[in-house]
1. Regarding the chain, what is the average projected area of its C-alpha convex hull, in nm²?
2. Taking the chain as a Gaussian network, Cα atoms linked when under 10 Å apart, which of 92, 46, 117 shows the biggest mean-square fluctuation?
3. With a Förster radius of 22 Å, plug the Cβ-Cβ distance of residue 152 and residue 191 into 1/(1 + (r/R0)^6) and report the FRET value to the nearest 0.05.
4. Report, in debye and to the nearest 20, how large the dipole of the stretch 64-124 comes out about its Cα centre when Lys and Arg carry +1 and Asp and Glu carry -1 on their Cβ.
5. Looking at 142, 122, 51, which one has the Cα that reaches farthest to the positive end of the dipole of the chain (charges on Cβ: Lys, Arg +1; Asp, Glu -1)?
6. Mind checking which of 166, 105, 146 has the largest fluctuation in a GNM of the chain, springs on alpha carbons under 10 Å?
7. Add +1 for every Lys or Arg and -1 for every Asp or Glu among the other residues with Cβ under 13 Å from the Cβ of residue 108, and state the total.
8. How much net charge surrounds residue 161 when only the other residues with a Cβ under 13 Å from the Cβ of residue 161 are counted, with Lys and Arg +1 and Asp and Glu -1?
Amino acid sequence: MNKIFSILCMLLISATTNAGAENAPSLEHLKEWMQGSFNSARQAEKDDTFFNIHLYMKESWQGETESTYLYVEQAAADYLDKPYRQRVYELKQLSGNEFESVVYTFDDPQEHAGDWKKERPLEGLLPADLSIRKGCSVFLKWDASTQSYFGSTHEKDCESTLRGATYATSSVRIFSDRIESWDRGYDADDNQVWGSESEGYVFNRQ
């Protein structure tokens with residue numbers, strides 16, 4: 001009986017270790033979890049203060065550069081052909097469990113609306129054509145207890161002029177099945193002038 005119990009314990013420990021290894025933090029693992037099609041339909045159904053927003057992320061210039069770049073597109077469900085946000089994220093691994101997502105913009109973004117559907121997003125552009133959003137990088141850490149990457153921008157580093165703001169903040173948590181993102185803008189007196197006041201958007205993987 002003791003022998004059987006010992007074997008069962010060993011199998012359980014082995015299974016737990018293997019599961020943890022599968023979700024060990026790495027640049028490739030983070031990229032895998034960020035890529036895909038997501039939307040906030042479930043959240044919008046429960047709370048009408050949120051919109052059904054579609055979020056798409058797909059690797060660009062795969063194999064063509066040393067860095068990892070993701071093309072990012074966000075659009076309201078009723079206006080998928082007119083995204084309101086188009087960005088490029090450059091993913092960097094800073095240490096064993098720390099990462100940076102550098103944010104870029106580019107000229108004439110509407111010309112690339114829907115590029116997430118293409119095999120090669122942003123064809124015709126190169127990383128040299130991107131403009132960095134200084135201070136707007138999101139710094140992420142791996143949290144083994146929740147099996148997620150979490151992080152934010154640094155304090156007031158990300159400048160913004162949207163709706164009277166002087167700076168913006170972004171808080172992000174990335175799970176295998178969803179991405180939680182909370183963007184907010186603040187004026188010079190640290191009063192919130194845009195963004196949800198209760199919680200961030202929850203984008204479920206489709």
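1. 15.0
2. Highest fluctuation of the listed residues: 46.
3. Once rounded, the FRET efficiency stands at 0.70.
4. With only Lys, Arg, Asp and Glu charged at Cβ, the dipole is about 180 debye.
5. Positive-most Cα among the choices belongs to 142.
6. So, out of 166, 105, 146, the one fluctuating most is 146.
7. -4
8. 0
A short reminder: the numbers here are calculations on the coordinates, not readings from a lab. In this text, all values refer to a predicted model and were calculated from it rather than measured experimentally. Note that each Cβ is placed from the backbone with ideal geometry, even for glycine, and that neighbours are counted across all protein chains shown.
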